[in-house]
Every structure is written in structure tokens, then in C-alpha cells.
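The values are calculated or read from the model by the stated rules, or taken from the named source; none is laboratory data. Just so you know, these numbers come straight off a predicted model, no measurement behind them. Note that we place each Cβ from the backbone using ideal geometry, even for glycine, and neighbour counts take in every protein chain shown.
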Amino acid sequence: MTKVLLADDSGTMRKIIIRSLNAVGVTDVVEAADGEEGSKLFTNGGFDVVLTDWNMPIKSGLEMAKEIRALGSDVPIIMITTEGEKSRIIEAIQAGVSDYLLKPFDSDALRAKLEKHCC
């Protein structure tokens, strides 16, 4: 069973992503409303993959990804965001993000990213 940490400040977007995860058979999802909460939840461990938005209050998804990598973790981090500029994608990959999924997306695109990296 795959355990997912999902960090997005939009409750609506979290629901959409959870529906997409459920559609591909992933039901163990822990939600965080921002990168700060996501970082704290991650340290409890046990996650197979992290899905995060870029733009969030308190701590961005990029900052959260950097913190996860600073812990020495190689858990896949997939950035789900509207930030599609090439320079932003490069910045995210340099920070340790494993992959990138642009909003809006469909369940098949999410499934492909998950299969590529973890599950």
C-alpha cells in the first residue's frame, strides 16, 4: 500500500488530487495545508511519495522539498503546480524535486508519474 503526503494550500485542490489518487488505487493519503505542516508530517516518516504544490503560505513546496532532501531522504517528490516556466522546472529539479505535473492534470497523468517513481 502506497502512503502519500499531499501538501497543497487549496482544500479543493487536495480533494481533486485525492479523487485522482483514489482512481488509481491509492487511498492512504495524509494532507498538509502548507509546506510547514508538510515538513512536520514528513519527519514522522513512512511516506512512499510526496505530492506538493509550489505556491503555499508559510513555506512553499520548493522549500519543503529542500528540507526533505536535507534530511537525506530519497522519497520521490512530485511537484503539482501551475508553475510551468522552464526556469521554474529547472529550479525545482535542482532543489531535489523528482518530477513535475502541471495543473490541470488528469488521473492518467498522475498514474504515469506515480508508476515512474514509486508505485
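Some values worked out for this structure:
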quantity: Residue list for the range 72-116, restricted to those being in contact with an Asp or Glu (Cβ under 6 Å, 6 or more places away or on another chain) and either assigned to a helix (DSSP H, G or I) or of a type in the set (Ser, Thr, Tyr) (or both); calculated: Thr81, Lys113
quantity: Some residue of the range 26-35 being in contact with a Pro (Cβ under 9 Å, 6 or more places away or on another chain) and part of a strand (DSSP E or B); calculated: no
quantity: Scope the range 1-21; condition exposed (fewer than 13 other Cβ atoms within 10 Å of the Cβ) and in contact with a helix residue (DSSP H, G or I) (Cβ under 9 Å, 6 or more places away or on another chain); matching residues; calculated: Arg19
quantity: Selection count, the range 76-88, where residues are buried (at least 20 other Cβ atoms within 10 Å of the Cβ) and either in contact with a Gly (Cβ under 8 Å, 6 or more places away or on another chain) or touching a residue at least 40 places away in the same chain (Cβ under 8 Å) (or both); calculated: 4
quantity: Residue in the range 33-89 that is modelled with the highest pLDDT, counting only those that are closer than 20 Å to Arg111 by Cα and polar (S, T, N, Q); calculated: Thr52
